[in-house]
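Following: one structure in structure tokens, then a few remarks.
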Amino acid sequence: MLKANHPGLHQLVNQLPWHDVPLGHRSRDASRGRDEIRRIKAATVNRLPFPHAAQGLQIVRRTVRDGKTSIDRAYALTSLDTLHLQAAELAVFVRRHWWIENKEHHVRDVTFREGASRVRTGTAPRAMAGLRNLALGTLRLDGWTSIAKGLRHHSRRPDRPLTALGID
């Protein structure tokens, strides 16, 4: 996904003639009190200042929740050309990307409060990330789908984390 940290590249992909590109895939999902329609267009790109870029993507999400409509437009690049991946398959990859984003990064931001960490010097940030990875992996292997609940459960008795790791 192209984000604001690449403003020039984002602008180049945004300025592609998307109105001339046919709709490649459309899907609809209604859950959790919202109705969402996703549309994806894929265009072959040449000479973008991004290594191996073969297709530019425009993803438009129209969401209706509580009678309010919002439209979100996102852009992405892929090195896979149209011979290897069509728009419907790209839509699946985009959904998986957001699933990972929500599953991993949201947990790190909210449950572990990684963004508020004051650990910034030497190898300490890498060590803390490794410990968080260990905690996440252990809780998931132990069957926890809610990391916050798993952390609370294990924090109540110091032997629980050791048992989950197979150290009794």
Quick one: with all protein chains in place, what share of the accessible area of the chain is carbon or sulfur, to the nearest percent (1.4 Å probe)?
54
Could you give the length gained by full extension between Val60 and Thr145, i.e. 0.36 nm per residue of separation minus their alpha carbon distance, to one decimal place?
27.6 nm
Rounded, prolate or oblate: which fits the chain, taking a ≥ b ≥ c as square roots of the Cα gyration tensor eigenvalues, rounded meaning a/c under 1.5, else prolate when a/b beats b/c?
prolate
Pulled fully out, how much extra length does the chain show between Thr163 and Ala74, if you take 0.36 nm times their separation in residues and subtract their Cα-Cα distance?
27.6 nm
Per DSSP H run of at least 4 residues, take -39500 (n - 2.57); add these up for the chain, divide by its residues and hand me the 222 nm value, nearest 500 deg cm²/dmol.
-10500 deg cm²/dmol
For the stretch 1-41, what class follows from the C-alpha gyration tensor (a ≥ b ≥ c being the square roots of its eigenvalues): rounded when a/c is under 1.5, otherwise prolate if a/b is larger than b/c, else oblate?
oblate
Leaving out ligands and nucleic acids, and using a 1.4 Å probe, what accessible area per residue does the stretch 1-70 come to in Å²?
66
Helix 124-141 vs. the chain, principal-axis angle (Cα, 0 to 90°, nearest 10):
90
Between 0 and 90°, nearest 10: helix 87-100 axis offset from the chain longest Cα axis:
30
If each K or R counts +1 and each D or E counts -1, the residues other than Ala124 whose Cβ falls under 15 Å of its Cβ total +3
Roll a 1.4 Å probe over the protein chains and send me the accessible area per residue for the stretch 94-168 in Å².
75
If you build a Gaussian network model of the chain, linking Cα atoms that sit under 10 Å apart, which residue out of Arg32, Arg126, Arg140 swings the most?
Arg32
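The values are calculated or read from the model by the stated rules, or taken from the named source; none is laboratory data. Just so it is clear, the model here is predicted, and its values are computed rather than measured. In this analysis, Cβ positions are derived from the backbone assuming ideal geometry, glycine residues included, and neighbour counts consider all displayed protein chains. All accessible areas refer to the heavy atoms of the entire protein, side chains included, with ligands and DNA or RNA removed. Shrake-Rupley method; radii C 1.70, N 1.55, O 1.52, S 1.80 Å.
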